[in-house]
Structure formats: structure tokens, C-alpha cells
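To keep things clear, I will list the structure first and then write my remarks on it.
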Amino acid sequence: MRRYLVNYNKNFEIEKGYDIVIIGAGIAGLYMSLMLPKNLKIAVFSKKDIYDSDSCLAQGGIAASIEDDDRSLHIKDTINAGCYVNNLDAVKILVDESQIAIDKLIGLGVDFDRNSKGDFYRSLEANHSFPRILHVNGDATGKGIMDVLINQVKSAENIDVISDIFAIDIVDNNKKCTGVTAYHNKKFLYFKTKFCIIASGGIGQIFSKTTNVDVLTGDGIAMASRAGAVLENMEYVQFHPTAFFCNNVKKRMFLISEAVRGEGAVLRNIYKDTFMKDYDARKDMAPRDIVARAIKDQMDKFKSKYVYLDATMYNKNFLQHRFKTIYSKCKDFGVEMDEEYIPVTPAQHYFMGGIKVDMHSRTNIEDLYAVGECACTGVHGSNRLASNSLMEAVVFGRRAALDISERIKNYEYEEKNDFCRSAIEDKYSCIDNNRKIEFQIIKDHLKELMEQNVGIIRNVDKLNYSLKYVDNKIDELENLEFDSMDYMEIYNMYQVAHSIISAALQSKISIGSNYVEEYCKSLVK
Ligand code: SIN
């Protein structure tokens, strides 16, 4: 695979004004930027608008082991959902530092929902043995937190948010990160930095049915891998059981939060029968991978494109308040959720794999960090517990910031680590700038291929076929000159798809979200 996506003959303008560049403006990137010392000059890249992130959409909430919650139970629930392949150190850190995280978010101005007594309103979601999910404004938790972070970042004098910027590549010199190349306002730029943090989020757009925003094409993971960063757990892709079903999926599907089942709603098949009891003793509150597979099984069995979520046991008033966003969106779709069942189907939602990092969010490339969904601490194992993702971004974002704050005190500038034009030029011997590709077509092909063959239920033949297809396409793209963001994005998508499929094939075991038919037992109990 190619090392750099863009030839240096593009005349990069060199930007030397920043100590730190953070690629990504979701909760991980923004929170981390606020935890860094104020004397550091920080650039935060946003691929589109700062509100275009999955963090802004997060409904369920943020799982936190606080007050009377027994931490050991949160640890147990997390590793049980993750099928016991989680990194236990990371799980303990996540749980032990969740109280600090909530205190810090409140300190920044986040106003978590409270009950009439003034206590936090904490709710349940699947596989949590204790109500420990905090929210903001009902089902608008992500937006509530992000509004606060965005305001804080905008008023911080040391932080510049650069919107509509596409990060291209991490530049390294002998496995030491020296900066990042980017495309912005039709110009190629090279940001020379002391530290670079990838916080670019997930990979959802490589599937045709996803709840992820359209910018999430795995760019950060792909660029890290080209720079030699180790990737881990790439086979673990999470499918959320309940996205609102509609025939024409445009860019992303609307999520019906697991919190709706957490409050008591139940799944029913197309004949309106409940079915989760046939698959798992925890029924509708089983971990996500189990529920998503059960739904797929029911849809296959009865040849339906969806199942139903029944929340009609609640009155309008409760639903309108507790699930403001979901209630009004269902209404827009023509469903009164207090009277009618909601048609739902599983859709790609989260990625447990990514750039391997240690407990300070460091990658194996010196001075390169990764935080949030693109990073893999191993905390989620093979299947993430509901609402642990926002907490992971905050806890490990702060850890990265603390680590950099210490390390930057002894940072020494070395001339030899400066941008090395010849090193990049050397990698380009055969650039073909005459051939054009139909990027929309090959993008759609990839999304459909991943959806059909690398989804909730996988098998070895389909994985082998898909790997061949993806590798052939990568070969076709290998020598092309990339002069637009679309081309670079597609290369990244194919590269990430390659890593996911290869990992699924190499795993030789079916566990959690990597369900490979040849290696597992029957779905029904
Ligand atoms: C949800 O509200 O169901 C999604 C929350 C999460 O992804 O954990």
C-alpha cells in the first residue's frame, strides 16, 4: 500500500504555528484540547462543520460509576458485554476515572439531568446491572455536552478550530511523527507540530446502513496505518439493533436509543410476537451483538426488512419528555410512538477496533496519539457496553493530555526531524495522473459489499471473496494521483475495509461482534 496519498510536488504550504494538532472535533478531540495547558497553541481539525460529529448525535448518555454505584459491577458489565476479551487495565481506568470525568464535565458547564429531588437522573441500558447512565436534556446527551465543549473551545485563545479541512497523512521520520499534511481551501498544507493526536472517530460510512455521520470514513485509522501505527481488534464492528427503518437510506439512519428498551420497551417480530426470550435470558436487555443477531435472524426467518420496537406501554407525556428527539423524529416519519410500534432494523453504529494505544493513548509512533472511537485501548473487548463510548473519549482524552503536558516540558526540537521533502518524494516513482475513476460508484460498491458480506453474520467464503475484491480495487488505486478529497477518502475506506476483513479472516474464532458462521453454535438458545 502507498505510504503517502499526495505527492509533494503539490507545493505544500508549511504551517509552523502550532505545538499540537488534533485531527477530529468530536468529544474526544475537543475535550482533550481543553485539558491541555493553556500556553500551548493547538489546532483542532474538523473535516466539515464542528457540529458534524457522531458525538453531537449521541442519545443514550454517558455511563459513569458514581455515588452509590459499585465500581466492580460496572467493570463486570463491561467485560461481560465485551465477551471477556477486554483489556482489564483499560476497563478499570475507565470505571475508576468516571467520577473525575463527570466532575470535570460539570466544571466545564455540562448540566446533567436531575430528578425532582435534585439527584442525577440515572437510567438503565442493555447489560447494565445498575442504573448508571447520565444524560443531558433526555435523549440529547451528545448535543448537550458538545454545545458546552464547542463554546469553551471557541472562547479559548490558544485553540483554533479549522473547519472543512481534510487531514491527509501523518508525516514521520524514522517512526517519529513530525506533523500532518492536509487539504484546505484548495491548498495542500503541512502542519509541523510537536505532537499529533488522531481523534477522527469511526468508520460507519464504509457500510451502507449506518447511524454514523457522513464524514466517518476511517481516515484517521487509515493514515495512522500508512505511517506504520499498529491497528488492533479490527474485526470488531458494532451493529446497533434499533435504527429507524426506512426504504431509502440516504447518508445515515436515525437511531432509536437503547435507552428506550432501558425504560421497558420490547422488540416484536413482523407478526407482533416478542422474541428475545428465545435468544438470551436477558431478553431485550441482552448485549447489543446478541440483540442485533436475533433481529437479523427474525428478519431472515420471516423475510421482513424490519422488526418492531413497542414503546406503547408509555404515555405520550413521558415519551415526549424522556425521548424528546426520538419522539419528534418518529412523528416526522409518521409514527406516534405511544400508539404505534416503531419499525427498526440493525445498522452499523460503532467500531471497537482501531489504532492500538497504551493507557496514555500513545501509539507506537513517537509523538503520535489516538483517542476516542478511532483508538483501540481494548476497553470494549469484542462488543461495547452501551454508553461507555462518551466516557472512554473523556477519560482517555484527559490521560493523553496529561501525558503530553509532562512530555512537552522536555521536548527538544531536532532539525533532522523537520519536514523532509525528499523522503516523501522518494515514495512516488510512478504516479498516473491520466486515469480517472468513478469514485461514487466504487464507494457505493464498497458500502454494499461490506453490508452484505462483512456485517452482523459473516462467513469465510464471503470474507475471502470480499478481501479479493477490495485488494483488487486498492491495486487499481495504487498509482493514481489523488487531487481531490473524494479520491483520498475512498482510498482510506478501502484500506480500512481491507484491515477489517483480513482481521475477521485471521481471527479463526467467533466472538462478540465478529460472528463467523463456521466457528459458532446456533443463534437460538
Ligand atoms: C444509544 O443511545 O442506544 C446509543 C448509545 C451508545 O452507543 O452507547
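The values are calculated or read from the model by the stated rules, or taken from the named source; none is laboratory data. Please read all numbers here as calculations on a predicted model, not as lab measurements. Using ideal geometry, Cβ is built from the backbone for each residue, glycine included, and neighbour counts are taken over all protein chains shown.
Of the strands (runs of 3 or more DSSP E) lying entirely inside the range 172-232, those containing at least 2 residues that are of a type outside the set (Phe, Trp, Tyr), touching a residue at least 24 places away in the same chain (Cβ under 8 Å) and over 24 Å from Gly381 (Cα atoms) are 176-184, 187-192. Taking the listed residues Ile133, Ile150, Ile159, Ile168, the one that is over 27 Å from Pro287 (Cα atoms) and either buried (at least 24 other Cβ atoms within 10 Å of the Cβ) or within 16 Å of the ligand (Cβ to nearest atom) (or both) is Ile168, with no other qualifying.
Summed over the range 245-264, residues that are touching a residue at least 24 places away in the same chain (Cβ under 8 Å) and either within 12 Å of the ligand (Cβ to nearest atom) or basic (Lys, Arg) (or both) total 12. If you check Ala311, Ala243, Ala286, Ala259, which single one turns out to be more than 22 Å from Ser55 (Cα to Cα) and out of contact with any helix residue (DSSP H, G or I) (no Cβ under 6 Å at 6 or more places or on another chain)? The conditions single out Ala286. Under 6 Å between Cβ atoms, which residue pairs at least 6 apart in sequence (or on different chains) link something in the range 451-476 that is within 15 Å of Leu505 (Cβ to Cβ) with a partner that is at pLDDT below 95 and assigned to a helix (DSSP H, G or I)? Pairs found: Asn459/Glu517; Val460/Glu518. Listed by first and then second residue, the pairs linking a residue in the range 68-84 that is farther than 13 Å from Ala286 by Cα to a residue that is of a type in the set (Gly, Ala, Ser), with Cβ atoms under 6 Å apart and 6 or more places separating them unless they lie on different chains, are Arg71/Ser65; Leu73/Ser129; His74/Ser65.
Can you go through Ala126, Ala156 and tell me which one is modelled with pLDDT under 95 and not hydroxyl-bearing (Ser, Thr, Tyr)?
On the way: Ala156 fails: modelled with pLDDT under 95.
Answer to the check: Ala126.
With respect to the conditions (1) within 14 Å of the ligand (Cβ to nearest atom); (2) in a loop (DSSP other than H, G, I, E, B); (3) in contact with an Asp or Glu (Cβ under 7 Å, 6 or more places away or on another chain), Leu267 falls short on a single one, namely (2).
Name the one entry in Lys331, Lys301, Lys305 that is among the basic types (Lys, Arg) and touching a residue at least 40 places away in the same chain (Cβ under 8 Å). Let's see the steps before the verdict.
Values: Lys331 fails: touching a residue at least 40 places away in the same chain (Cβ under 8 Å); Lys301 fails: touching a residue at least 40 places away in the same chain (Cβ under 8 Å).
Going through Lys331, Lys301, Lys305 in turn, the sole match is Lys305.
Out of curiosity, is Gly397 more than 15 Å from the ligand (Cβ to nearest atom) and part of a loop (DSSP other than H, G, I, E, B)? So Gly397 does not fit the description; no. Looking at the range 1-113, the helices (runs of 4 or more DSSP H) lying wholly inside it that each contain 3 or more residues that are within 22 Å of the chain's Cα centre (by Cα), modelled with pLDDT of 95 or more and farther than 30 Å from Val470 by Cα sit at 27-35, 71-81, 88-96, 98-108. Residues in the range 335-349 that are farther than 27 Å from Gly202 by Cα and either at pLDDT below 95 or of a type in the set (A, V, I, L, M) (or both): Val335, Met337.
Residues are listed down the side, and each one gets a yes or a no for (1) within 16 Å of the ligand (Cβ to nearest atom); (2) surrounded by fewer than 24 Cβ atoms within 10 Å (Cβ to Cβ); (3) within 23 Å of Val291 (Cα to Cα):
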position	(1), (2), (3)
Asp49	no, yes, no
Ala63	yes, no, yes
Glu67	no, yes, no
Ser72	no, yes, no
Asn86	yes, no, yes
Ile93	no, yes, no
Asp96	no, yes, no
Ala101	yes, yes, no
Lys104	no, yes, no
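How many residues does the range 106-128 hold that are within 16 Å of the ligand (Cβ to nearest atom) and among the small types (Gly, Ala, Ser)? Break it down into steps so the answer makes sense when it comes.
So in the range 106-128, the residues within 16 Å of the ligand (Cβ to nearest atom) come out as 112-113, 121-128.
Then drop every residue that is not among the small types (Gly, Ala, Ser), which leaves 123, 126.
Residues that pass the stated criteria total 2.
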